[in-house]
Structures are given as structure tokens and as C-alpha cells.
Amino acid sequence: IQAILISEGGSGELAGEPRPFEMAMLRLGSDPARKEIQLDDALLIAPDVEARLGGILGLSLGSDGRVQAVRGQVDLAFLNVPLPDVLAVPVVVEDGQLLVDWRPDNERLDVAESWVRSGDDVFHLTGRVGSLNDQLQDDLRAEAVGLDVGGLLDRWPLTAAKNARDWTRRNISSARIDAFLAQFSMDGDETDLSLNVSFSEMTATYVPGMSP
């Protein structure tokens, strides 16, 4: 079975909020015997948002025929999502691959052994994104290679560890980031960020008590 679905204008819902879109397109095929969907192309264009992806997804059905889980591989061709309340710059992904497990009943998406590329930066991702009582709940882990200080600050959540973020912006003018590991969690309006960063070739403002 093959199908192309196109909708020009409409709205969906994310975390209890209506989200309008200008165009949505799906081009897919399915094999009912294998309970599998081949997602050949998917495009979403909304105000300030654009996404394009493909992949192969397997379906788990309940005894009533309803979808209980969707698992598989999603290949990202492009993603641009502004999150002005969370990040200083939009999330832009130019390439990537996600291994996902989506549970519609509890609005939960698990991500395992995945990666995305933004410019020269590559991020390896694992974790969970979901919604509870119309509040976003995230628990994500990211490791990166190729980051510089500017890239680190651009992707540092605005509401998390503000003092450390401001200190880094004021005092580290340049550095090579050899290793980057971030653990980010969000529960409604509460956020928590843990960072482990290894620097080299660093130029920093001297602070009394700092090793020369």
C-alpha cells in the first residue's frame, strides 16, 4: 500500500497548545503483514519551523487494532525549530538519524543511539521527551564533537545554570572543546542541566586564585 497525504494549512497540538502549520506532506508505503511503514518523505512547514525526514517505522497494535507503539529509524534531512524561551538560537539540524520508540497513549518518545549534525558539530543523543498534564517533560543526554565556545553557549539552555553560562561568556574568549557531555531534564517550568566539558587551547580572563 502506498499513499501521499498533503494538507495545506491547519493546526496540530503540542503540550496542550495548538500549533498552526502552513503545509504538511507524507509520502509512505505500508506492509500490513509485517506491520511496517516505509516513510519515504515527510515535510512540515509552519511559522518559523521547517522539518523534512524519512525512515522505516514498525507498528505494535493492540487487540482493538489501535497503535500502541511506533518503533524504528527516522532519518532527518533538515530541521529548523526556534525555541526562544529555551535557547539563544534556533535548533538547526542538517542531517541526522534517530532510533525512536513512540508511545501515543502517554505521549512519550524515547530516543536511543542517535546522532544529529548542525554545521560542523555532531551530537550523539539518548533520552526521552514526553508530556504529562500538558507540561513538557524531557530527560536528554548529549555528547558532542567539534564544538567551540560560541557553539556551546548557543546551545546552553537559557534558564539552566545561568551563573555558569554568564561566567563562561564573560571569561572564556576562545577554546577548543575536546569533550562535551550534557544531561538536560525539564519538568514543566523546572529545568536541570549538568555539563561536563573538557577544554584545551583556552584563552580566559585571569581570576585571582586560578592556576596560571
For this session: Return a yes/no flag: does segment 156-172 have any residue that is touching an Asp or Glu at 6+ places or on another chain (Cβ under 8 Å), modelled with pLDDT of 80 or more and of a type in the set (F, W, Y).
Result: no
Exercise. Name the residues in segment 177-208 that are modelled with pLDDT under 80, open to solvent by 50 Å² or more (accessible area, probe 1.4 Å) and under 29 Å from D139 (Cβ atoms), would you?
Worked result: D187, D189, E190, D192, S194, L195, F199
Exercise. Can you pull out the residues in segment 61-92 that are assigned to a loop (DSSP other than H, G, I, E, B) and either among the small types (G, A, S) or more than 30 Å from R165 (Cβ to Cβ) (or both)?
Worked result: G62, S63, D64, G65, R66, A88
Problem set entry | Test set (1) at pLDDT 80 or above; (2) among the small types (G, A, S); (3) more than 16 Å from V89 (Cβ to Cβ) - G150 fails condition number | (3)
Exercise. Just to be sure, is D138 assigned to a strand (DSSP E or B), open to solvent by 80 Å² or more (accessible area, probe 1.4 Å) and modelled with pLDDT under 80?
Worked result: no
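Looking for something assigned to a strand (DSSP E or B) and in contact with a Ser or Thr (Cβ under 7 Å, 6 or more places away or on another chain) - is there at least one such residue anywhere in segment 144-167? Break it down stepwise before answering.
Narrowing segment 144-167 to residues assigned to a strand (DSSP E or B): 144-145, 148.
Subset that is in contact with a Ser or Thr (Cβ under 7 Å, 6 or more places away or on another chain): none.
So far as segment 144-167 goes, no, none of its residues is assigned to a strand (DSSP E or B) and in contact with a Ser or Thr (Cβ under 7 Å, 6 or more places away or on another chain).
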For this session: Pick out the one residue from E107, E94, E22 that is touching a strand residue (DSSP E or B) at 6+ places or on another chain (Cβ under 8 Å), closer than 23 Å to A3 by Cβ, in contact (Cβ under 8 Å) with a residue 12 or more places away in the chain and open to solvent by 60 Å² or more (accessible area, probe 1.4 Å).
Result: E22
For this session: Just one of (1) in contact with a Ser or Thr (Cβ under 9 Å, 6 or more places away or on another chain); (2) at pLDDT below 85 trips up L109, so point out which.
Result: (1)
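May I ask you to list the residues in segment 41-60 that are part of a strand (DSSP E or B) and open to solvent by 70 Å² or more (accessible area, probe 1.4 Å)? Let's see the steps before the verdict.
First pass over segment 41-60, keeping only residues part of a strand (DSSP E or B): 41-46, 49-60.
Residues satisfying the conditions are E50, R52, I56.
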Exercise. Does any residue in segment 163-179 that is more than 13 Å from N196 (Cα to Cα) come within less than 6 Å, Cβ to Cβ, of a residue that is open to solvent by 50 Å² or more (accessible area, probe 1.4 Å) and of a type in the set (S, T, N, Q) six or more places away or on a different chain, and which pairs are these?
Worked result: N171/T205; S173/T203; S174/T203
Problem set entry | Hey, E36 more than 30 Å from R165 (Cβ to Cβ) and touching a residue at least 12 places away in the same chain (Cβ under 8 Å) or not | yes
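The values are calculated or read from the model by the stated rules, or taken from the named source; none is laboratory data. A quick note: this is a predicted structure, and the numbers were derived from the prediction, not measured. Neighbour counts are summed over all protein chains in view; Cβ atoms, including those assigned to glycine, are modelled from backbone coordinates with ideal geometry. Note: accessible area is taken over every heavy atom of the protein model, side chains too, but ligands, DNA and RNA are not part of it. Shrake-Rupley method; radii C 1.70, N 1.55, O 1.52, S 1.80 Å.
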